[in-house]
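These notes are about the structure you will find just below.
Since every read-out is calculated from the coordinates, none of them should be taken as a lab result. All figures in this text were calculated on a predicted structure; none of them were measured in a lab. Here the Cβ positions follow ideal geometry from the backbone for every residue, glycine too, while neighbour counts run over all protein chains shown.
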Amino acid sequence: MPARTSLIKIASPRILVCFLILSLNIQGQTVQRPQDQSEVVRVFTDLIQTDVMVFDKQGRFVDDLRREDFELRIDGKVKPIEFFERISGGTTNEETQLSAARGNLSANKTSPLGAVPLDRGRTIFFYLDDLHLAPGSLAATRKVMTSFIENEMNQNDQASIASASGQIGFLQQLTDQKAVLRAALARVKYRPYSVRDFDRPAMTEYQALLIENNNIEVFEYFVEQVIIDNRISRQAAENTVRSRATNLLQQASEVTRNTLFGLNELVKSSSKLPGRKLVFFFSDGFLLDRRNSDSTTTIRKITSDAARNGVIIYSLDARGLVATLSDISVQSSFDVSGRLDRAGQGELVATQDAMNALARDTGGRPVFNSNALGIGLSRALQETSIYYLLAWKPNREAPEGKFRRIEVKLLEKPDLTVRVRRGFYDQDPAPAESKAKNSKPGAKTPEVLLREAIRTAYPDRTIPIALNLNYVHSPQDKRMMLSTTFKIPAESLDFSPEEGKQKASVQLLGLLFNDQGQSGARFSERLTMTAAGETLVKGSDAGISYAFPVTVGPGLYQVRVAARDEKSGRTGSAQGWIEIPDLSKGKLAISSVIIGRHSQSLPTDTQGNGQLAGQVDLNIERRYERNSVLRFVFFVYNAARATSDSQPDVATQIQLLRDNQPVLTTALKKIGTVGVDLDRLPYAADLSLADLPAGQYVLQVTAVDRVSKTSASQQNRFSIQ
C-alpha cells in the first residue's frame, strides 16, 4: 500500500499539558441500566470435537475438503460427524466456530469469554526441559527462540517461555511484548544433569534401565565386573548391581517427573484460553521408566488434557543430528566383549520415545535428528495455521472416564496424509476423592476473591477490563511517572435500585510487580456508578474509569488489576507489561506513545502548521470507529546538542503497521524546539483513520537524533471497529 503521509497532521505542544492531565484524572461516567442479554441458543448438544490436518505428498495443507470425504471412528466404530468446518487458526472467527461446535454459541454470536480482539493472533508456548538440556543444546534452543521472537512473532501473537526447573520465575507468562520474552529467555541458564553414582564400573542411566528390564548381557557384564573388583559372591554382586540400577532410575525418575509435571500444568492451565494452542517442547530426551515412576500415566494425562484444551505439542530434540550418545566427558565402562555397545544402540530412540508420544498423540509432529530446528519450528507454525474441525456425539452408555481411540481417514484419497490426535478421555479422570474434596468450597470474602482474580495466570474476561499503561518523565520528581488507567464497561455490571436511583458498585484492586514478581505500589477502591436513565443502549461508551499514577525507576514492570461487581459477585482481571528506560545512561529514549481521541467538535488543522488547538479525550480502550481521528503524543529524551548552537536536531517518522506490514509511512519531520524544554522534546499529531479497514494496528514512532547519529522507537496498539 502506498504511503499516506497526508493523514498525519502536526499538533501544537500547547495540547500536551491538557492531554497528560486527562491521562491521570479519569472520572466515572453516568450510565443507563443494561438490558437483559440474549438467551443462549444451543447449536449442538454435548458434542466432542477434534482438529484434523490433511497434507499432500509435498507437505502442503489440502483445502476444500468436505464432511463427506472423512470417516470418523471412535474405538473402531464409525461415528456420524455432527459438525464440520474449515478453520483458520489465530483469527477472530476461530473461537466463534469452536464455540458453535461445543454448543456454547449465543444468539448474538459473541464469544463466551467476552470480547475477543480483532485479528486475535496465535497462542504459542515454548517449554524448555532445562533439566535435560546440555550446554550445546541450550545454545541451539536459544538461537531458534531468538529468531522466532525477532522475525516470526506476528503483531497479534501471544507467546510464553516456560522451563521445567522454574528458573524463569515471574516472567514465565503469556504476553505479546517482545521485551518480556527476551528477558525470560535471558534467564535460562545451563543446569548440570546430576543423575549418576560413583561406584565402579560406571553405569549409565540407560544401562540401569536395561538391567531393570532384565537385559541379560548388560546385567552379566556388571555382575562379572563387581565380582572381580570386590571379590564377593555372585549373589552379593547381583544384589549390588540391581540396587545400583534401581537407585539411578529413582534419581532419574524424579527429574523426569518434574519435567512432565511442568508440561502438564502448562497444558491444563491453557483451558482458559480461546482457540488452538501450540506448545514447542525442547529437550535432549529422557527415558521412560515404567517400574520406578508414573511417567507413562502422566504422559497419558497430558495428551488427554491437550485434547480437551485444544493443545498441539511439537517435540524438538535439541541435540540435533547425532550418531551416538557417547560423551567423552561422562565416564563409561570399558567392555572388550562389545556387550555394552550392542545394548546401547537403542539408547537414542529410547530417549525420544516420550517426546515422540507427546507429539504424535496430540496431533503434532516430532522434529528429531535435524540441525535445522528453526526450519522445523517455522514449518509447524505454517502447517497448523489451517485445520478442519470435526465434532460428534459421545456414547454415554459406555463407562465414563475411559480412554477413547480416535481414527480419521479420507474415504477416496488414500494418497493424502491425515494428522489427528490419537485419543481422549471422555471425562476428566481425576480421582473421585479429589472431586469430592472440591465439591463444597468454603465461603470466601470479597477481598480474597479479588486477590485470587488478580493472581490468575491469564486475565479473566468475565468482567472485561480495558487497561492502558503510559509513562512520561516528571520534571518535578526527575523520575518516570507511570500512569495506569483502566475502564469497565457499564453493560458488564449489574444495576439495582438504591435511594431511588439505579446504581452499580465495583471493588477494585491493583498491584504493580517488578520483573522478579515482587509487588510494590498498590491501590484498593470501591466505586459507584449511577444510571442516567431507564435503559442502557448496548455498546455505548459509558463505564467506570480509574487512574493510578506512581513514580518508578527503570526496569520491566507488570501491572495487574481486578474488579468485582458487588451485586452479581462476578470478577474480572487484566494484565499489562511496560518497560521503563534508564535515562541516566544518556541514551536517546522516547516516552510512551499516548493515544487519545481528537474532539470531533473542533476542526482538524489541515495545514500542519503546528498551531492545532483543542481538547483530547484519552481513549483507554484504544478502540476507534472508522473515519475518526486519532491524536497521539510522545516525548523525546536525551537528545544531543549541536556544538554550533547548543540546539538538538531530532526528526521523527511515523509508521502504521498491520500484521507486521506498514500501511502508512511518513517522511522524516523535524521536531520543533522553540519554547519547549530541550530535555524532553514534545511531539503531537493527528492521524486520520479514514478508509482504513477494521482490525488491529500498531502505531510506531521513531526518533532520529541527527547530532549523535542514534535512533529510538516506541509503539502502541489500537483497533479500528
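When all alpha-carbon pairs of the range 614-707 are counted, what percent fall beyond 22 Å? Counting every Cα pair in the range 614-707, those more than 22 Å apart make up 38 percent. Which of the residue pairs Lys487/Lys669; Lys79/Lys268; Lys393/Lys413 have a Cα-Cα distance greater than 32 Å in the structure shown? Checking Cα-Cα distances, Lys487/Lys669 exceed 32 Å. Counting beta carbons within 10 Å around each of Glu499, Glu566 and listing the fewest first gives the order Glu499, Glu566. The HN-Hα couplings worked out from phi for the range 186-194 by the Karplus form 6.51 cos²θ - 1.76 cosθ + 1.60 (θ = phi - 60°) are 5, 7, 7, 10, 5, 10, x, 7, 10 Hz, whole numbers, x standing for Gly and Pro.
Each Lys and Arg adds +1 at its Cβ and each Asp and Glu adds -1 at its Cβ; summed about the Cα centre, the range 123-384 shows a dipole of about 720 debye.
Panel order for Met529, Met355, by other beta carbons found within 10 Å of each beta carbon, from fewest to most: Met529, Met355.
Going through the cross-link list Lys587/Lys709; Lys272/Lys301; Lys670/Lys709, which pairs have a Cα-Cα distance over 23 Å in this structure? Exceeds cut-off: none, every pair is within range. With distances taken between every two different alpha-carbon atoms, the range 644-695 has a Kirkwood hydrodynamic radius of 13.6 Å.
Which percent of the Cα-Cα distances in the range 443-580 go past 22 Å?
On the way: 3897 of 9453 pairs.
Everything past 22 Å amounts to 41 percent.
Near Thr551, once Lys and Arg are set to +1 and Asp and Glu to -1 for all other residues with Cβ below 11 Å from its Cβ, the sum equals +1.
Summing Cβ point charges (Lys, Arg +1; Asp, Glu -1) relative to the Cα centre of the range 443-580 gives a dipole of roughly 220 debye. Peptides 55-64, 170-179, ordered by how many other C-beta atoms sit within 10 Å of their residues on average, highest first, read 170-179, 55-64.
Could you tell me what fraction of 2.2 N^0.38 Å the Cα radius of gyration of the range 123-384 comes to, as a two-decimal ratio?
On the way: Rg = 20.0 Å, N = 262, 2.2 N^0.38 = 18.3 Å.
Normalised Rg, Cα atoms only: 1.10.
Of the listed pairs Lys178/Lys585; Lys478/Lys503; Lys277/Lys567, which have alpha-carbon separations greater than 32 Å here? Those over the limit are Lys478/Lys503; Lys277/Lys567.
Of the peptides 544-553, 648-657, the ranking by mean beta-carbon count within 10 Å, highest at the top, reads 648-657, 544-553.
The mean sequence distance of close C-alpha pairs (under 8 Å, at least 6 residues apart), as a share of the length of the range 123-384, puts its relative contact order at 22 percent.
Each of Thr50, Thr297, Thr246 was scored by other Cβ atoms within 10 Å of its Cβ. Listed from fewest to most, they are Thr297, Thr246, Thr50. For the range 197-289, the equivalent ellipsoid derived from the Cα gyration tensor has semi-axes of 40, 11, 10 Å, listed largest first.
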